[in-house]
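Below is one structure, written out as structure tokens; comments come after it.
Laboratory data are not the source of any read-out in this text; all were calculated from the coordinates shown. Keep in mind that what you see is a predicted model, and the values were worked out from it rather than measured. Heads up, the Cβs are rebuilt from the backbone with ideal geometry, glycines too, and the neighbour counts pull from every protein chain shown.
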Amino acid sequence: MIHLVGSGPGDPGLFTLKGKRLLENADAVVYDRLAPESLLSLAPPEAERIYVGKKPGEPTMSQEEINALLVRLGNEGKSVVRLKGGDPYIFGRGGEEALDLTRAGIPFEVVPGITSGAAAPAYAGIPVTHRRVSTSVAFITGHEDPTKDGQDVDWTKAANGADTLVLYMGIGRLREISSGLTAAGKSPDTPVACVRWGTLPEQHTVTGTLADIADRVEEAGLKPPAVTVVGDVVGLREDLSWFEVRPLFGRRVVVTRARAQAGDLSRELESLGAEVVEFPTIEIRPPEDFKPLDKAIRELDGYGWLVFTSVNGVEAFVERLGEHGLDLRAVPRAAKIAAIGPATAESLKQSGLGVDVIPSEYRAEALLEEIGGESLVGERVLIPRAKVAREILPEKLREAGAEVDVPPVYESVASDAGAGSLAARLEAGEVDCITFTASSTVENFVLAFGEERARDLASRTSIACIGPITADTARGHGLEVSTEAEEYTIPGLINAVRGLLSGAAR
């Protein structure tokens, strides 16, 4: 089966649920330049991934070659996702591919995608129809098949046939198109908007009229891919713009957190308009040896305190309990539970365990102050955490008379995947901020590039740290910290980044 799947206009969040399911079960993915590369991660690791280009002015696989490729893969009995930008049947040449598959006797299905002709204007604050302004819309290609004799677009009919015209792939012929529409009777004062990379953080909108839009686009240096909207609905943009006015719109922020934990931070930054570059400096792995943790689990009844310092620690501890056929009900009722940070506490609550102590400041020193009134002499304290972490908490607890066990429940392993790409962006001045969520993310960032180069690269942008300990680690490596979170949490870090970037000149 060949699945002709529309990937949508660019924002991966606009991809369909059916497309996601098909990608997750694909044997092969054939994709275009405009299909978001992040969607490829949905396919199984063993799935074949075939890029077919389609970038103007660069070598690319011809449509005939793409059709033949799909036929070959179909004949091999594979489940193939043909991932196309936008919608397969709206200037996506999906109809041509489907016809060749039909002739070859290969079954196919079409999964529509959100077309850029509707999405890009919407993200630019332009509804292509409006009851009081426009009751009709026409989608028109601005780049016809060069092998045809003549042109099919009748500009006279286009100019008078619909209230709103949406032109695909016409940015390179904008002057010619504008002249054609005005010659056909469209007023030179008709509002026009060109939206490049619509729905993405790098979206850029240029507005004007038929009389001057070509000059304005040229002055702005606007290049393909872009959608052009012609009609009075463009005038609504001033009141309805919502995407480009977000506080971090047009900003590029690096997230160095482990990929499994980066989701909340990345999603919130994106919701504020930022483009997020994930550079996970840490990979979370199980510990090499579970014996210390297994011993602690067997002796759970003997602990008076359980202290969790991270969400990773909670999740790994609960998972290991499951390996023993247990859950958090195995924790003795008399034991007191401490969590450093609200996210850690919430993770415990979601797992079914109440929390007795959350320090007002989310670090080890504050926890010691919170439980300072408790008698710890002879108490057994369990701290399931990373293999390598700050020793101040167990040391101080031991000084207070407690017997402390610190079995590793996971390991944080340094990762430098994607270092070359990030370095190129930093050197080009394309990054507005790097975020560090723990001292380990700083250490591993420096390790990925080397001390001297890390300092040089970091000097080209701003740095935001989750708290003073992480900031001190950064400064210890010669990195200049631009801002620290007032509350040592992910929401606190997001507020710090917002405060740093939202008011600064772009």
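Sort LEU306, LEU447, LEU23 by Cβ crowding within 10 Å, fewest neighbours at the top. Present the calculation step by step, with values, prior to reporting the outcome.
Working: LEU306 25, LEU447 15, LEU23 22.
The fewest-first ordering by Cβ neighbours comes to LEU447, LEU23, LEU306.
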Sequence order, the stretch 190-206: Karplus ³J(HN,Hα) from phi using 6.51 cos²θ - 1.76 cosθ + 1.60, θ = phi - 60°, Hz rounded, Gly and Pro as x, gives 4, x, 9, 9, 10, 10, 9, 6, x, 6, 9, x, 8, 3, 9, 10, 10
Relative contact order in percent for the chain (Cα pairs under 8 Å, 6+ apart) equals 10
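Taking neighbour counts of Cβ atoms within 10 Å as a proxy for exposure, in what order, fewest first, do THR205, THR102 appear? List each step's numbers first, then the result.
Values: THR205 26, THR102 11.
Ranking THR205, THR102 by Cβ neighbours within 10 Å, fewest first, gives THR102, THR205.
When the chain is fully extended, how far beyond the present Cα-Cα distance does LYS20 get from ARG453, taking 0.36 nm per residue of separation? Walk me through the intermediate numbers first.
Working: separation 433, 0.36 × 433 = 155.88 nm, distance 3.94 nm.
Additional length available on full extension: 151.9 nm.
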Residue by residue through the stretch 213-224, the couplings from Karplus 6.51 cos²θ - 1.76 cosθ + 1.60 with θ = phi - 60°, in Hz, x for Gly and Pro, are 4, 5, 5, 5, 5, 5, 5, 7, x, 6, 10, x
Taking R0 as 51 Å and r as the Cβ-Cβ distance between SER79 and THR129, the FRET efficiency 1/(1 + (r/R0)^6), rounded to the nearest 0.05, comes to 0.85
Going residue by residue through the stretch 388-393, the Karplus relation 6.51 cos²θ - 1.76 cosθ + 1.60 with θ = phi - 60° gives ³J(HN,Hα) values, rounded to whole Hz and with x marking Gly or Pro, of 10, 7, 4, 8, 4, 5
With +1 at each Lys and Arg Cβ and -1 at each Asp and Glu Cβ, the charge dipole magnitude of the stretch 118-240 around its Cα centre, to the nearest 20 debye, comes out at 220
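Between LEU328 and THR60, how high is the FRET efficiency from 1/(1 + (r/R0)^6) when r is the Cβ-Cβ distance and R₀ = 41 Å? Nearest 0.05. Could you put the intermediate results ahead of the total?
Working: r = 55 Å, r/R0 = 1.35.
The calculated FRET efficiency here is 0.15.
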Percent relative contact order for the stretch 2-114, counting Cα pairs under 8 Å at least six residues apart, stands at 43
Under the 7 Å Cα-to-Cβ spin-label approximation, ASP232 and GLU427 lie apart by a distance in nanometres of 5.4
Sorted on mean Cβ neighbours within 10 Å (highest first), peptides 78-86, 378-386 come out as 78-86, 378-386
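Using the crude model of +1 on Lys and Arg Cβ and -1 on Asp and Glu Cβ, and no other charge, please compute the dipole size for the stretch 16-82 relative to its Cα centre, in debye to 20. Please list the in-between numbers first.
Working: 10 positive and 10 negative charges, 54 e Å.
That gives the stretch 16-82 a dipole magnitude of about 260 debye.
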Quick P(r) readout (the stretch 2-114; Cα-Cα; 5 Å bins; whole %) gives 2, 13, 26, 27, 21, 9, 2
In whole angstrom, the spacing between the Cα centers of the stretch 42-109 and the stretch 290-311 equals 53
Any residue on another chain or 5+ positions along whose placed amide H is under 5 Å from the amide H of THR164 is listed here as SER136, VAL137, ALA138
By the mean-Cβ-within-10 Å protection proxy, highest first, 292-300, 160-168 rank as 160-168, 292-300
Which of (1) 28.8; (2) 22.7; (3) 24.2 is the computed mean projected area of the Cα convex hull in nm²? It is (1)
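Quick one: of LYS295/LYS336; LYS20/LYS223; LYS295/LYS396; LYS18/LYS223; LYS20/LYS349; LYS18/LYS78, which pairs are farther than 28 Å apart, Cα to Cα?
Working: LYS295/LYS336 20 Å; LYS20/LYS223 30 Å; LYS295/LYS396 23 Å; LYS18/LYS223 32 Å; LYS20/LYS349 31 Å; LYS18/LYS78 18 Å.
In this structure, LYS20/LYS223; LYS18/LYS223; LYS20/LYS349 lie more than 28 Å apart at Cα.
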Rounded to 0.05, the calculated FRET efficiency for the beta carbons of SER241 and LYS295 at R₀ = 41 Å is 0.10
Restricting to Cα pairs under 8 Å and 6 or more apart, the percent relative contact order of the stretch 285-412 works out to 33
